[in-house]
Amino acid sequence: MRDNNARDGAHEIMLAKGRKPEVVSKEAKSQEEYEALQSFLRSISSTATLPPYVKGETYSSVRGVFNQCLITCAVLILAAGAGHPIGFSAVALPQLRTENTTMRIDDEMGSWIASIHSAATPLGSMLSGPIMEAIGRRRTLQASTLPLVVGWILIGTASHHALLLLGRIVCGFAVGILAAPSQVYLGEISEPRLRGLLIGTPFVAYSLGVLYVYALGGALSWRSVAHLSILLPTLAFIALCFSPESPTWLARRGRFHEAMAAMSRLRGDPDTAQRELHELISAREKEKARGEETIRFLATVLRLPVLKPLLLINAFNMLQILSGSYVVIFYAVDIVKDSGGSLPPQMAANASACVRLGVTVLACLLLLKITRRALVLVSGVGTAVCTLALAFLLSQGPGSGFAPPTLILGYVAFNTLGFFLLPGLMIGELLPTKVRGLCGGYIFCLFNAVLFGFTKLYPVMKQSIGMAGVFGLFGASATLATVVLFLLLPETKGKSLIQIEQYYQKPNILWVTRKKNAESQNV
């Protein structure tokens, strides 16, 4: 009740005739933006009497749900295109090692081809935050398609290792640009009921993109695979032309009527759109009333409501990398071969891609039914058990039979079930609106920088500690990640982004020590 009164009070303050919102800042708010806000709020003044969202009620019309899914499909096309360069090294390296041309490679060059993509991704991720705050989430996604197409052209026409590496760098830069905006965009356009599903679906498309490259690599040369990888980024650019910009970004830029038009399209019902947008604007005005709008970015990040989710996301990202989620994708064929077993390495690698795709679809559907915490904890325990069992098996001698590939496929399945989806979910849900764009880009920057180093060091680790030691490291990291998530990860299923922000404004750090009355406030 207190939150409803506060929201209505904020609305009355913003509409007070002849009186501007009280803002504790050094600079007065521009008259033009103030007039736009006052005009817009008067046009939706009736929303002050609308009830807040209640879990279980129909939030969007059928048309609104259809529009959200349709717009998500545009992002999925691009996400599938982002999966192509990830899986490309697993296809290209075996071919390049046996190629009887100047493009033939050794293990050292192979490690560079596999890892250089991740070395370039942090630069794109670092720039994606400022870019998406400046030009919007949708336009940033569109802009990322150009370097992705250029990168594949360089790879497909490469006549020297340097050009191949340059193409991998450009593709990595493009993937870095699109990673954060895709999660932020989907998080901001989706309603609470569908947010987990819609944020998770890019990973289905991503896995499908990896599988697509694996399948092509079994029948075509690596050059043909590169040329065919141009198709999806081109289609994604066209599809995004028909998608709206994020209402949250539009509202924070003072473009209220455009935000209302976008929200109405996404919700399919004007009253629902007015209510949700009204809450966004009210929260924005409360920030200004507290003087938070003028606080510098670094000072904002160091505030506990931002620092707590930021540390959790980065800690999990580091442990996820150490658990081998992406190394297994980059070196799929080599890992299966080095682990032994009766299954042909290429067949096992293709099977792992199929398992990853199938489990990603399953995980997205499960997000509609079960809690986030339950899903990721099952994922963590299963990942740890499979990797530690494989480490023990390999420590007893070379692997044989179907046990090693079966455990690898089990590892891929459990890891994908929750660990693979969680970074995108956390960026789309846990970060406060004010810093979501910039922090999302910086998080992916750090993530990819560490991923590059770990991927580059994998051949060295394999030589120094063996495959048993590698999988032992994967298992220990998965175990620690599971403990961290159990202690710190809040449950966000069915919660609005504003409700999640309110949870982090409370003093508790551990989820298990949260105040019990938080549940009555839907947090």
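3J(HN,Hα) couplings calculated from phi for the range 236-246 with the Karplus curve 6.51 cos²θ - 1.76 cosθ + 1.60 (θ = phi - 60°) are, in sequence order, 5, 4, 5, 5, 5, 4, 9, 9, x, 6, 4 Hz; Gly and Pro show x. Computed over neighbours whose Cβ is under 9 Å from that of Trp511, the net charge equals +1, Lys and Arg +1, Asp and Glu -1. Rounded to the nearest percent, how much of the accessible area of the range 60-243 (1.4 Å probe, protein heavy atoms only) is carbon and sulfur? Accessible surface attributable to carbon and sulfur in the range 60-243 totals 74 percent.
Annotation: extensible slack from Phe486 through Leu146 equals 118.3 nm (criterion: 0.36 nm per residue apart, minus Cα-Cα distance).
Return one whole number: the accessible area per residue of the range 299-512 in Å², for a 1.4 Å probe.
Using a 1.4 Å probe on heavy atoms only, each residue of the range 299-512 averages 35 Å².
The simple Förster model, with R0 at 25 Å and r as the Cβ-Cβ distance, assigns Phe66 and Ala261 a FRET efficiency of 0.90.
Do any of Lys369/Lys434; Lys434/Lys495; Lys308/Lys456; Lys308/Lys369 go past 22 Å between their Cα atoms, and which? Violating the 22 Å limit, Cα to Cα: Lys369/Lys434; Lys308/Lys456; Lys308/Lys369. Checking every one of the chymotrypsin sites (Phe, Trp or Tyr not before Pro) in the range 240-284 against DSSP loop status and a limit of 11 other Cβ atoms within 10 Å picks out Phe242.
With a cut-off of 15 Å between beta carbons, the residues surrounding Thr482 carry a summed charge of +2, where Lys and Arg count +1 and Asp and Glu -1. Between Phe402 and Phe297, the modelled labels are 5.3 nm apart [label points 7 Å from Cα along Cα→Cβ].
Per residue, the convex hull spanned by the alpha carbons of the range 84-151 comes to 91 Å³.
The values are calculated or read from the model by the stated rules, or taken from the named source; none is laboratory data. On a predicted model such as this, the values are computed, not experimentally measured, just so you know. Please note: Cβ atoms are built from the backbone with ideal geometry, for glycine as well, and neighbour counts cover all protein chains shown. To get the accessible areas, we keep the full protein, side chains included, count just its heavy atoms, and leave off ligands, DNA and RNA. Shrake-Rupley method; radii C 1.70, N 1.55, O 1.52, S 1.80 Å.
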